[in-house]
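Input: a single structure, listed below in structure tokens.
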Amino acid sequence: MNGNKKTEVILVVDDDDLVRMTLSVLISSLGYHCLGASDGIEAMQILKATDIDLVFSDIAMPNMDGMELLKYIVENHKHTDAIMATGYSENATYADVIKAGALDFIKKPIDQAELEAKLTRAFRERSLVRRLEQLSLVDSLTSLWNRRAFDERFPEEVERASRQRYQVFLAVVDIDNFKEFNDTYGHQEGDGVLVALAEIFGECTRSSVDMSFRIGGDEFAVLLPQTNADQATEITQRILLKFIERNLGKTTLSIGVVPCVRNRELPLEIDERQMRERGDQAMYEAKKKGKNCVVCRCEPSLQ
């Protein structure tokens, strides 16, 4: 028995009670946290309610078979992997399940050593993929999240805020006079300004709550969930004052702050685009007011 307790959660799906219980005991003995479901429909309910790292599922099941469950996982739970199991008499092949989106395939009756090896390999690959994904979502200069990360996280945060009934604000931040600074002092000094702003975000925002992004060039964004208009304004004013204290030539900040309230009458993609446009408009309003200021258009707009 493996005494090392792991944090990964595995959902075992099999309509045979004895097989499911035996697999659950075996997987738990390897140190994983294990849940069970008797068919694909029950598995779907568990997936909706619980964060599952990996689904270990039989293919031949009543109500919803393993391939249907796999399709659901691929389409709705992108951070959940799947290993599919099937008996020797069944027609599903390794190529079939891998093409359908499974991470691996195992034949029944299941050998304990093979199962342990496949689970170890699966989580090693997951870890590598997650690290590569993280690298692809981080701006190499500032170490902030990048534009791709923003495009992924923004709709997720808006939906979560709507679902859990809390407020989320978007701050669009642009560095004023940045091109002039670059032309005068060179790109290396310009990079220093970008890094300095990233450091200020770290100082002024809430760790593990707020999210800061470099959208591109001298444009940044900050997502402020579980906050209100006064708090969002206070955070962005603090960012502005800290930037002024750095005395970075003639550079200043123009910041637009808007609430992101989900309009269920619009598709999320259109609603999200309009929220971002309102953030840009608020930022440009700050520029028109003379720059070096925060404009908070804090009344929700559902137009």
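The values are calculated or read from the model by the stated rules, or taken from the named source; none is laboratory data. Model, not experiment: these values are computed from the prediction. All Cβ positions, even for glycine, are placed from backbone atoms using ideal geometry, and neighbour counts span all protein chains on display.
Can you tell me which residues in the stretch 206-231 are small (G, A, S) and at pLDDT 95 or above? The answer is S212, A221.
What about K242, is it assigned to a loop (DSSP other than H, G, I, E, B), of a type in the set (K, R), at pLDDT 95 or above and over 20 Å from A149 (Cβ atoms)?
For K242, the condition - assigned to a loop (DSSP other than H, G, I, E, B), of a type in the set (K, R), at pLDDT 95 or above and over 20 Å from A149 (Cβ atoms) - is not met.
Scanning the stretch 145-187 for residues that are farther than 28 Å from N228 by Cβ, assigned to a helix (DSSP H, G or I) and polar (S, T, N, Q), we see that the one that is farthest from the chain's Cα centre (by Cα) is T184. Just a yes or no: is a residue in the stretch 208-226 in a strand (DSSP E or B) and without any contact (Cβ under 8 Å) to a residue 40 or more places away in the chain? No. A search for C-beta distances below 7 Å between a residue of the stretch 275-303 that is in the same structural domain as V158 (by TED's automatic domain parsing) and in a helix (DSSP H, G or I) and any residue that is surrounded by fewer than 16 Cβ atoms within 10 Å (Cβ to Cβ) and at pLDDT below 95, counting only pairs 6+ apart in sequence or on different chains, returns R278/S301. Per the conditions (1) surrounded by fewer than 17 Cβ atoms within 10 Å (Cβ to Cβ); (2) on the phi > 0 side of the Ramachandran plot; (3) in contact with a Ser or Thr (Cβ under 7 Å, 6 or more places away or on another chain), the sole criterion not satisfied by Q226 is (3).
Within the stretch 78-107, the set of residues being modelled with pLDDT of 90 or more, part of a loop (DSSP other than H, G, I, E, B) and aromatic (F, W, Y) is empty.
I'd like to know if the stretch 110-117 contains one or more residues that are more than 30 Å from V193 (Cα to Cα), β-branched (V, I, T) and part of a helix (DSSP H, G or I). Scanning the stretch 110-117 turns up no residue that is more than 30 Å from V193 (Cα to Cα), β-branched (V, I, T) and part of a helix (DSSP H, G or I). Screening R147, R214 for residues that are touching a Phe, Trp or Tyr at 6+ places or on another chain (Cβ under 6 Å) and closer than 24 Å to L248 by Cβ leaves exactly one candidate, R214. Among the criteria (1) in a helix (DSSP H, G or I); (2) exposed (fewer than 15 other Cβ atoms within 10 Å of the Cβ); (3) free of Cβ contacts under 8 Å to residues at least 40 places away in the same chain; (4) of a type outside the set (A, V, I, L, M, F, W, C), the one G190 does not fulfil is (2). Here E203 fulfils each of the conditions (1) within 27 Å of T80 (Cβ to Cβ); (2) surrounded by fewer than 20 Cβ atoms within 10 Å (Cβ to Cβ); (3) modelled with pLDDT of 95 or more; (4) not β-branched (V, I, T) apart from (1).
Within the stretch 70-89, being under 18 Å from K118 (Cβ atoms) and in contact (Cβ under 8 Å) with a residue 24 or more places away in the chain holds for L70, I73, T80, D81, A82, I83, M84, A85, T86, G87.
Inspect the stretch 151-173 for any residue being polar (S, T, N, Q), in contact with a helix residue (DSSP H, G or I) (Cβ under 8 Å, 6 or more places away or on another chain) and without any contact (Cβ under 8 Å) to a residue 24 or more places away in the chain and give the result as yes or no. No: the stretch 151-173 contains no residue that is polar (S, T, N, Q), in contact with a helix residue (DSSP H, G or I) (Cβ under 8 Å, 6 or more places away or on another chain) and without any contact (Cβ under 8 Å) to a residue 24 or more places away in the chain.
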